[in-house]
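> This is the structure I want to talk about, given as structure tokens.
The values are calculated or read from the model by the stated rules, or taken from the named source; none is laboratory data. Small disclaimer: the values here were computed from a predicted structure and weren't measured. Cβ placement follows ideal geometry from the backbone for every residue including glycine, while neighbour counts extend to all protein chains displayed.
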Amino acid sequence: MPLAVVRGKAITELPKDLYIPPDALEVILEAFEGPLDLLLYLVRRQNLDILEINVAEITRQYMEYIEMMRALSLELAAEYLVMAALLAEIKSRMLLPRQAEAEEEEEDPRAELVRRLLEYERYKKAAEALDSLPRMERDLFPARAEPPAPRGGRPEPVVELRELLLAFAGVIRRAELRSAHRVHLEPLSTRERMSDILAALEARRLLPFTALFPRREGRAGVVVTFLALLELVKEALVELVQGEPGGLLHVRARAA
Amino acid sequence: MERARLLRILEGALLAAGEPLSVERLLGLFEEGERPERAELEAALEALAADWAGRSAELVRVAGGYRLQVRAELAPWVGRLWEEKPRRYSRALLETLAVIAYRQPVTRGDIERVRGVAVSSEIIRTLMERDWIRVVGHRDIPGRPALYATTRAFLDHFNLRSLADLPPLEEIRTLAEEELPLEGPPSPSAQVVPLPVAPDHRRRSDS
Amino acid sequence: MERARLLRILEGALLAAGEPLSVERLLGLFEEGERPERAELEAALEALAADWAGRSAELVRVAGGYRLQVRAELAPWVGRLWEEKPRRYSRALLETLAVIAYRQPVTRGDIERVRGVAVSSEIIRTLMERDWIRVVGHRDIPGRPALYATTRAFLDHFNLRSLADLPPLEEIRTLAEEELPLEGPPSPSAQVVPLPVAPDHRRRSDS
């Protein structure tokens, strides 16, 4: 069973110097935050100082990763290809004989890349340091006590329906910009009934099917409840159970 | 668990919660091996109440459980904290509330997918504390995320008889872009908006 | 006003607020006749911090003022109060935030140059929504890209008093002659990356 097919050639084992547990391959390939992150990994994995980067070797390994990602049809950001081109260019410039007189202005072709790697690594570490700071909601919680009653009662903001609708209009617009398809919704009476049924099931794990159809709601109520039940079943939130053939139907919440 | 440690944990939880905590909820803070007996917990709460005697807050028992409450005698000073400006909710909170209202029952993940942005715990907490949303169940997937829905109090605040009174999506789509008050001041009057049955209605209250 | 009473009022206000309170806001709690001097208030706050030493919460000073907060060591228990687990932020988001925090004000292009990948709009939106970053201006180049900077809420959230309290960025190693040894001449000009602007600077523009 080939791991991947690269340029028509089946790869049955990973290159030794790229060893990754095969089942973790995709996870690892997708874990890189971009070409600089990948390069940094390659350099560090060889215990090399960034300043001692061997462009030819790193380029080879980098390209193997790129091929691997393509072979696995992982989404490859354009930046990876730009970097591949840059690496190829640096490599070729390193091979060119230098002209003595040009040497003075000419920078080491690796310098810019090394500078970017060093720079990226600083911020990568800074991000880790930031993440390890104690922070609110995760490590620390504001100490609060109920304000005193008479004058304290913190006035709750009043929200107008219009504000709420406009906020939702914004959500819909953004959602539709992001994904081509339109947002669609079940009729609200159905959604509301879905919530009610779930709430009823919170209190009692199992409800007789018929208990969900109060008489006073008439035919319209029956329809709404039935649609809500179908939707709940479709979304795998409830299930209908029957003790024996022809027995009483019960509704049960899916999550135990 | 030694008494002093138990007291610290209980006090920390009461301070962090900012709402009444039932004995069950307090017991739930401990892992099985370290969980105190109910009687032990109740004794600890009594000790804690004694600790707070004469201080700025007191440990009181209310219907929902135990909570720390700033003493009434401090109201003249503490009340001035909020004299100046009524708080406003963020746009993120309103969007979250709208998504819950229209798509309930939803998990936090559902909301994030629709909004395309992470939803902070604080927003969920504020909405729960305001009693506008509640947990109606859990989705049967790993992590068993809570399913949120709106409450009776939500309908009351917006003067709706039922969710069906909310305008349908098509109508909301037509709310023009320029109408979106990004940081606009709250319209001063009309706390209560007429039932939005007919679209014309709503637009009238807009002008 | 006697010291004990002053301490009680301050403690009560901090508990009722549940958010950082500035010295100004705390002074505003008192009527003219009884208002303590600023130095007196600050001394009282120090005494209050000492009172809380070793207890379940601590009085800290962050960018937004003084805040009583439950200690991090109690998080394992207190965190169980809420079903929602605290958010974990992606590396992409944290790296973006780090570049903004240390190099502000920066454009999206600046961030992309450092990280070598496109910055997703979702990340920027999440950071804006959490009120951790904001637009402080526009760079005067074609397209007039927005310049982002961190906010006071960011500092408060990460328990920092000012940007100077951020963990220090690693030293920049310059590319000196002997360090790029293999082939070729040394890099002529080690491009030095500007250090983050002094925090005071930026904070002034904050207000």
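> Restricting attention to the stretch B:105-119, which residues are assigned to a loop (DSSP other than H, G, I, E, B), within 17 Å of the chain's Cα centre (by Cα) and buried (at least 22 other Cβ atoms within 10 Å of the Cβ)?
B:Pro105, B:Val119 - these are the residues of the stretch B:105-119 that are assigned to a loop (DSSP other than H, G, I, E, B), within 17 Å of the chain's Cα centre (by Cα) and buried (at least 22 other Cβ atoms within 10 Å of the Cβ).
> Against the definition (within 14 Å of chain A (Cβ to nearest Cβ), closer than 25 Å to C:Ala164 by Cβ, among the β-branched types (Val, Ile, Thr) and surrounded by 13 or more Cβ atoms within 10 Å (Cβ to Cβ)), how does C:Val62 come out, yes or no?
Yes; evaluated as a whole, the condition is true for this residue.
> Criterion first (more than 14 Å from chain C (Cβ to nearest Cβ), crowded, with 16+ Cβ neighbours inside 10 Å, in a helix (DSSP H, G or I) and out of contact with any strand residue (DSSP E or B) (no Cβ under 6 Å at 6 or more places or on another chain)) does A:Ile58 satisfy it?
Criteria not met by A:Ile58.
> Can you spot a residue in the stretch C:83-94 that is of a type outside the set (Gly, Ala, Ser) and at pLDDT 95 or above?
For the stretch C:83-94, residues of a type outside the set (Gly, Ala, Ser) and at pLDDT 95 or above: present.
> Further, regarding this structure: So, C:Val78, is that one surrounded by 18 or more Cβ atoms within 10 Å (Cβ to Cβ) and either without any contact (Cβ under 8 Å) to a residue 12 or more places away in the chain or of a type in the set (Lys, Arg) (or both) or not?
In short, yes.
> Next question, about the same structure. With the structure loaded, tell me whether C:Leu155 is touching a strand residue (DSSP E or B) at 6+ places or on another chain (Cβ under 9 Å) and either buried (at least 18 other Cβ atoms within 10 Å of the Cβ) or small (Gly, Ala, Ser) (or both) or whether it fails that test.
On the way: touching a strand residue (DSSP E or B) at 6+ places or on another chain (Cβ under 9 Å): yes; either buried (at least 18 other Cβ atoms within 10 Å of the Cβ) or small (Gly, Ala, Ser) (or both): yes.
So C:Leu155 fits the description; yes.
> Of everything in the stretch C:120-134 that's in contact (Cβ under 8 Å) with a residue 24 or more places away in the chain and under 21 Å from A:Glu30 (Cβ atoms), which residue is surrounded by the most Cβ atoms within 10 Å (Cβ to Cβ)?
C:Thr126
> Continuing with the same structure: Determine whether B:Glu95 is outside any loop (DSSP other than H, G, I, E, B), within 8 Å of chain A (Cβ to nearest Cβ), surrounded by 19 or more Cβ atoms within 10 Å (Cβ to Cβ) and of a type outside the set (A, V, I, L, M, F, W, C).
Against the criterion (outside any loop (DSSP other than H, G, I, E, B), within 8 Å of chain A (Cβ to nearest Cβ), surrounded by 19 or more Cβ atoms within 10 Å (Cβ to Cβ) and of a type outside the set (A, V, I, L, M, F, W, C)), B:Glu95 qualifies.
> Of all residues in the stretch B:20-36, which are buried (at least 16 other Cβ atoms within 10 Å of the Cβ) and more than 8 Å from every other protein chain (Cβ to nearest Cβ)? Walk me through how you get there before you give the answer.
Keep residues of the stretch B:20-36 that are buried (at least 16 other Cβ atoms within 10 Å of the Cβ), which gives B:20-21, B:25-26, B:29-30, B:36.
Of everything in the stretch B:20-36, those that are buried (at least 16 other Cβ atoms within 10 Å of the Cβ) and more than 8 Å from every other protein chain (Cβ to nearest Cβ) turn out to be B:Pro20, B:Leu26, B:Pro36.
> Got a sec? Which strands (runs of 3 or more DSSP E) wholly within the stretch A:197-256 have at least 3 residues that are without any contact (Cβ under 8 Å) to a residue 24 or more places away in the chain and within 30 Å of the chain's Cα centre (by Cα)? Step through it out loud before you land on a result.
Working: elements: A:206-208, A:238-242, A:249-253.
Passing ranges: none, list empty.
> Does the stretch B:163-174 include one or more residues that are within 7 Å of another protein chain (Cβ to nearest Cβ), closer than 25 Å to A:Pro157 by Cα and under 21 Å from the mean Cα position of the chain (by Cα)?
Yes, some residue in the stretch B:163-174 is within 7 Å of another protein chain (Cβ to nearest Cβ), closer than 25 Å to A:Pro157 by Cα and under 21 Å from the mean Cα position of the chain (by Cα).
> Hey, another quick one. Quick test for you: out of A:Glu156, A:Glu239, pick the one residue that is within 12 Å of chain B (Cβ to nearest Cβ) and either closer than 30 Å to C:Ser121 by Cα or at pLDDT 85 or above (or both).
It is A:Glu239.
> While we're on this one: Which ones in the stretch C:138-147 are small (Gly, Ala, Ser), in contact with a strand residue (DSSP E or B) (Cβ under 7 Å, 6 or more places away or on another chain) and farther than 28 Å from A:Asp131 by Cβ?
none
> Of these, B:Val119, B:Val114, B:Val136, B:Val78, which one is at the interface with chain A (Cβ under 8 Å from one of its Cβ atoms) and within 21 Å of A:Glu156 (Cβ to Cβ)?
B:Val78
> Taking the condition of being assigned to a loop (DSSP other than H, G, I, E, B) and at pLDDT 95 or above, how many residues in the stretch C:65-82 meet it?
So the answer is 1.
> Identify the single condition in (1) at the interface with chain A (Cβ under 8 Å from one of its Cβ atoms); (2) under 17 Å from A:Met194 (Cβ atoms); (3) in contact (Cβ under 8 Å) with a residue 24 or more places away in the chain that B:Val106 does not satisfy, given that it satisfies every other one.
(1)
> Residue by residue through the stretch C:147-184, note down the ones that are modelled with pLDDT of 90 or more, part of a helix (DSSP H, G or I) and not basic (Lys, Arg).
The answer is C:Ala153, C:Phe154, C:Leu155, C:Asp156, C:His157, C:Leu163, C:Ala164, C:Asp165.
> Which condition number in (1) surrounded by fewer than 20 Cβ atoms within 10 Å (Cβ to Cβ); (2) not in a loop (DSSP other than H, G, I, E, B) is the one that C:Gly143 fails?
Just one mismatch for C:Gly143, condition (2).
> Consider the stretch B:1-18. How many of its residues are within 14 Å of chain A (Cβ to nearest Cβ) and surrounded by fewer than 18 Cβ atoms within 10 Å (Cβ to Cβ)?
Total satisfying the criteria: 0.
> Moving on. Within the stretch B:81-89, is there a residue that is closer than 21 Å to C:Arg87 by Cβ and within 13 Å of chain A (Cβ to nearest Cβ)?
Yes: one or more hits.
> Out of (1) farther than 29 Å from A:Leu113 by Cβ; (2) in a helix (DSSP H, G or I); (3) within 15 Å of the chain's Cα centre (by Cα), the odd one out for C:Asp131 is which?
Just one mismatch for C:Asp131, condition (2).
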